[in-house]
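Dropping a structure here in structure tokens format, bear with me for questions.
The values are calculated or read from the model by the stated rules, or taken from the named source; none is laboratory data. Since we're looking at a predicted model, the values are computed, not measured. Glycine gets a Cβ as well: all are built from the backbone with ideal geometry, and neighbour counts include every protein chain shown.
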Amino acid sequence: MNFKRLTSKIAALMAVSFVLVACDDEFSTVGGEIIENPADVELRELEVKTYSKKINSVQTNNLSNYLLGVYSDPVYGETAASIFSQLSLTSTNPGFGDNTQLDSVVLTIPFYSTEGESDEDGNIEYSLDSIFGEGSFKLSVQESRYFLADFDPDADFQSRQKYYSDQQDLIEQNLVGNVLYENDDFRPSSEAIVNYGYDEVGEADTTTTGPALRIKLPVDYFQQKIIDKEESSELSNNNNFRDYFRGLFLKAEANNDSGSLVLFNLGGGDVNLYYTYEAEETNDDGDAVTVEKGGSYQLKFGSNAVNTFEGDFPADVLQTITTADTVNGDENLFLKGGEGSMAVIELFEDEIELEELKENNWLINEVNLQFYVNQDLMAGTQEPDRLYIYDLENNRILADYSFAEQFIGDFNPEDPSESLKTFSKPLERDENGNGIKYSLNLTQHVNGILNNDGENVKLGLVITQNINQTANSAVRGGGEVTRVPAMSVLAPLGTVLYGNAAEDEDKQPKLRIYYTRTTE
């Protein structure tokens with residue numbers, strides 16, 4: 001028995017059956033049409049036009065996570081990602097007690113990690129997630145007086161202020177004081193963090209948490225900056241505090257190592273101030289005595305923050321992207337996350353062909369668009385697992401994304417790597433782990449164009465760090481690209497795909513329409 005042929009027949013029947021069930025009003029009796037043979041599925045391949053676009057400046061103060069570190073890509077060169085973030089008071093008008101002395105100041109931002117088994121001593125072992133690269137980088141921390149406003153004064157404070165990935169110079173021009181921390185060889189560690197603090201009654205308390213960026217900051221600096229400001233207007237509310245202490249700049253720079261890049265949930269980070277103070281208590285004899293107690297106060301990250309990126313594409317890659325052939329399409333497509341690059345996809349360039357397709361009034365079973373990886377350029381390079389395609393002209397999701405999420409039930413909120421695979425299949429790899437191709441489902445989108453007079457818009461193709469999230473970030477100076485998915489900003493990896501002008505026709509992207517003929 002030919003199992004491959006049987007599987008294809010079953011898949012075709014299931015596809016048609018699903019369309020009939022899900023969209024019965026639309027397809028069962030459209031114009032009195034009758035499906036002669038649901039399994040008699042035909043294929044039409046159409047050319048598409050594809051070219052690359054460079055993204056030079058992208059909004060980064062609306063992200064769900066932030067990148068810190070240095071990543072070296074064999075194709076796209078080296079990128080350094082730094083973070084400037086405001087800090088917020090966890091309680092206003094904090095009281096620190098009498099004769100308070102600050103003991104230590106600890107900055108902590110948790111890594112994404114997975115809890116494993118315990119070792120022989122009972123200590124939990126962790127493995128780090130969302131770490132790109134295995135090397136180290138130079139890390140420094142310093143205060144900046146650059147102010148991050150919540151609302152845009154140029155829009156009468158009616159919309160959120162935008163900050164962009166290329167604004168690092170403005171932040172560094174406003175650095176003040178000494179460097180608070182510097183490590184020429186910072187390397188993410190999977191070791192658990194032991195915290196030595198105080199409980200609610202001021203007694204010493206030790207807790208263990210998962211791996212994190214955990215560094216000590218100068219005590220004298222924060223004694224003067226925070227503790228000595230008790231009962232001052234600067235600590236009376238967060239608006240005053242954010243104007244007084246405008247934020248910390250965590251700067252990543254390359255050293256002589258290969259580098260690594262960390263994806264953080266910055267909102268889970270904080271700066272803890274551990275201190276001792278004197279308090280009056282009554283002893284067992286009923287006498288008032290002065291005792292020393294411990295306390296802590298927490299400043300939180302993430303109320304407003306901006307990710308900045310530094311680094312240039314190699315000259316030949318940049319030249320190829322900036323001179324893209326927007327009329328005929330290009331041989332290669334350059335996709336890179338962060339302050340990177342994307343591809344523009346144009347369907348149905350031939351208007352005559354489009355009208356002919358509309359007149360066919362086909363029952364469309366499936367439409368997919370496949371992109372092949374240029375393995376000659378990507379050999380030995382870590383490749384992203386998922387691509388995301390969206391309506392570039394209106395900056396919104398495609399109907400196929402909603403269809404997969406709502407009707408197919410292919411949405412996994414807990415594990416994005418297993419989510420929406422019917423919309424965007426993970427990268428298909430060969431036996432050596434090298435990328436072969438990506439497949440994207442455009443069935444609903446194309447059906448809308450051919451059978452429902454939908455708009456034939458340009459599409460944007462990007463790398464995504466999390467396909468479950470579809471929020472957009474603004475782009476400055478991007479021409480036809482005004483917004484990109486925020487999850488592409490957080491995707492440090494890149495890839496090179498064959499475009500429609502590739503010499504090997506078998507590797508050119510084709511719009512593949514599987515359809516069933518109908519009769520009146």
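Taking the stretch 55-87, which residues are crowded, with 17+ Cβ neighbours inside 10 Å and small (Gly, Ala, Ser)?
Gly69, Ser72, Gly77, Ala80, Ala81, Ser82, Ser85
State whether the residues of the stretch 145-152 include one that is touching a residue at least 12 places away in the same chain (Cβ under 8 Å), farther than 14 Å from Gly247 by Cβ, crowded, with 16+ Cβ neighbours inside 10 Å and under 24 Å from the mean Cα position of the chain (by Cα). Outline the logic, then answer.
Step one: of the stretch 145-152, the residues touching a residue at least 12 places away in the same chain (Cβ under 8 Å) are 145-150.
In the following step, the residues that additionally are farther than 14 Å from Gly247 by Cβ were identified as none.
Looking for residues that are touching a residue at least 12 places away in the same chain (Cβ under 8 Å), farther than 14 Å from Gly247 by Cβ, crowded, with 16+ Cβ neighbours inside 10 Å and under 24 Å from the mean Cα position of the chain (by Cα), one finds none in the stretch 145-152, hence no.
How many of the residues in the stretch 503-515 are more than 30 Å from the chain's Cα centre (by Cα) and surrounded by 16 or more Cβ atoms within 10 Å (Cβ to Cβ)? Outline the logic, then answer.
The first filter runs over the stretch 503-515 and keeps only residues more than 30 Å from the chain's Cα centre (by Cα), leaving 503-506, 513-515.
In the following step, the residues that additionally are surrounded by 16 or more Cβ atoms within 10 Å (Cβ to Cβ) were identified as 513-515.
Number of matching residues: 3.
Sticking with this structure for a sec: Can you find even one residue in the stretch 452-460 that is surrounded by 15 or more Cβ atoms within 10 Å (Cβ to Cβ), under 25 Å from Arg517 (Cβ atoms) and of a type outside the set (Asp, Glu)? Write out each step before concluding.
Within the stretch 452-460, the subset surrounded by 15 or more Cβ atoms within 10 Å (Cβ to Cβ) is 456-460.
Then keep just the ones that are under 25 Å from Arg517 (Cβ atoms); that gives 456.
Imposing the further condition that a residue be of a type outside the set (Asp, Glu) reduces the set to 456.
Scanning the stretch 452-460, I find at least one residue that is surrounded by 15 or more Cβ atoms within 10 Å (Cβ to Cβ), under 25 Å from Arg517 (Cβ atoms) and of a type outside the set (Asp, Glu), so the answer is yes.
For the stretch 1-103, give me every one of the strands (runs of 3 or more DSSP E) that falls completely inside it and has 2 or more residues that are modelled with pLDDT of 95 or more, within 30 Å of Gly311 (Cα to Cα) and under 36 Å from the mean Cα position of the chain (by Cα).
Fully inside the stretch 1-103 and qualifying: 49-54, 66-73, 77-89.
To continue, here is another question. Which numbered condition in (1) in contact (Cβ under 8 Å) with a residue 12 or more places away in the chain; (2) more than 30 Å from Tyr163 (Cα to Cα); (3) touching a strand residue (DSSP E or B) at 6+ places or on another chain (Cβ under 8 Å) is the only one that Glu428 fails?
(1)
Might you let me know whether the stretch 156-167 holds any residue that is in contact (Cβ under 8 Å) with a residue 40 or more places away in the chain, of a type in the set (D, E, K, R) and under 27 Å from Phe96 (Cα atoms)?
Start the filter on the stretch 156-167 by keeping residues that are in contact (Cβ under 8 Å) with a residue 40 or more places away in the chain, which leaves 160-167.
This time we only want the ones that are of a type in the set (D, E, K, R), so: 160, 162, 166.
Filter again for under 27 Å from Phe96 (Cα atoms), leaving none.
No - not one qualifying residue is present in the stretch 156-167.
Also, I was wondering about something else. Provide a single number: the residues in the stretch 116-131 that are touching a Gly at 6+ places or on another chain (Cβ under 8 Å) and hydrophobic (A, V, I, L, M, F, W, C).
The number of residues fulfilling the criteria is 1.
Another question about this same structure. Only strands (runs of 3 or more DSSP E) wholly contained in the stretch 210-306 count here; list those with 1 or more residues that are among the charged types (D, E, K, R), in contact (Cβ under 8 Å) with a residue 60 or more places away in the chain and under 24 Å from Val58 (Cβ atoms). I'd like the intermediate steps shown before the answer.
Working: elements: 212-217, 248-253, 261-264, 270-282.
So the answer is 248-253.
A further question on this structure: Do you know which residues across the stretch 183-212 are among the hydrophobic types (A, V, I, L, M, F, W, C), under 22 Å from Lys251 (Cβ atoms) and either touching a Pro at 6+ places or on another chain (Cβ under 8 Å) or modelled with pLDDT under 95 (or both)? Please lay out each step first, then the result.
Pass one, the stretch 183-212, residues among the hydrophobic types (A, V, I, L, M, F, W, C): 186, 192-194, 201, 204, 212.
Filter once more, so that each one left must be under 22 Å from Lys251 (Cβ atoms): 186, 212.
The answer is Ala212, and nothing else.
Now for a different question. Any residue at all in the stretch 185-207 that is in contact with a helix residue (DSSP H, G or I) (Cβ under 7 Å, 6 or more places away or on another chain), assigned by TED's automatic domain parsing to the domain that holds Gly95 and not acidic (Asp, Glu)?
As a first pass, look at the stretch 185-207 and keep what is in contact with a helix residue (DSSP H, G or I) (Cβ under 7 Å, 6 or more places away or on another chain): none.
Scanning the stretch 185-207, I find no residue that is in contact with a helix residue (DSSP H, G or I) (Cβ under 7 Å, 6 or more places away or on another chain), assigned by TED's automatic domain parsing to the domain that holds Gly95 and not acidic (Asp, Glu), so the answer is no.
Checking Leu180 against (1) of a type outside the set (Ser, Thr, Tyr); (2) closer than 23 Å to Tyr112 by Cα; (3) modelled with pLDDT of 95 or more: exactly one of these is not met. Which one?
Tallying (1) of a type outside the set (Ser, Thr, Tyr); (2) closer than 23 Å to Tyr112 by Cα; (3) modelled with pLDDT of 95 or more, Leu180 fails exactly one: (2).
If you take the residues of the stretch 389-415 that are β-branched (Val, Ile, Thr) and in a loop (DSSP other than H, G, I, E, B), which of them is nearest to Pro485 (Cα to Cα)? Give the steps one after another, and end with the answer.
Of the stretch 389-415, the ones β-branched (Val, Ile, Thr) are 389, 397, 408.
When the remaining residues are screened for being in a loop (DSSP other than H, G, I, E, B), the result is 397, 408.
Working: Ile397: 10, Ile408: 23 Å.
Result: Ile397.
Another one. Give Gly380, Gly409 a once-over and let me know the one that is surrounded by fewer than 16 Cβ atoms within 10 Å (Cβ to Cβ), on the phi > 0 side of the Ramachandran plot and in contact (Cβ under 8 Å) with a residue 60 or more places away in the chain. Even if it seems obvious, please write down each step before you answer.
On the way: Gly409 fails: in contact (Cβ under 8 Å) with a residue 60 or more places away in the chain.
Going through Gly380, Gly409 in turn, just one is surrounded by fewer than 16 Cβ atoms within 10 Å (Cβ to Cβ), on the phi > 0 side of the Ramachandran plot and in contact (Cβ under 8 Å) with a residue 60 or more places away in the chain: Gly380.
Since Glu134 meets every condition but one in (1) in contact (Cβ under 8 Å) with a residue 40 or more places away in the chain; (2) in contact with a strand residue (DSSP E or B) (Cβ under 7 Å, 6 or more places away or on another chain); (3) not aliphatic (A, V, I, L, M), which condition does it not meet?
Unmet for Glu134, out of (1) in contact (Cβ under 8 Å) with a residue 40 or more places away in the chain; (2) in contact with a strand residue (DSSP E or B) (Cβ under 7 Å, 6 or more places away or on another chain); (3) not aliphatic (A, V, I, L, M): (2).
Still on this structure, I have one more. Within the stretch 245-269, which residues are surrounded by fewer than 22 Cβ atoms within 10 Å (Cβ to Cβ) and either of a type in the set (Phe, Trp, Tyr) or outside the structural domain of Ile131 (by TED's automatic domain parsing) (or both)?
Of everything in the stretch 245-269, just one residue is surrounded by fewer than 22 Cβ atoms within 10 Å (Cβ to Cβ) and either of a type in the set (Phe, Trp, Tyr) or outside the structural domain of Ile131 (by TED's automatic domain parsing) (or both), namely Phe245.
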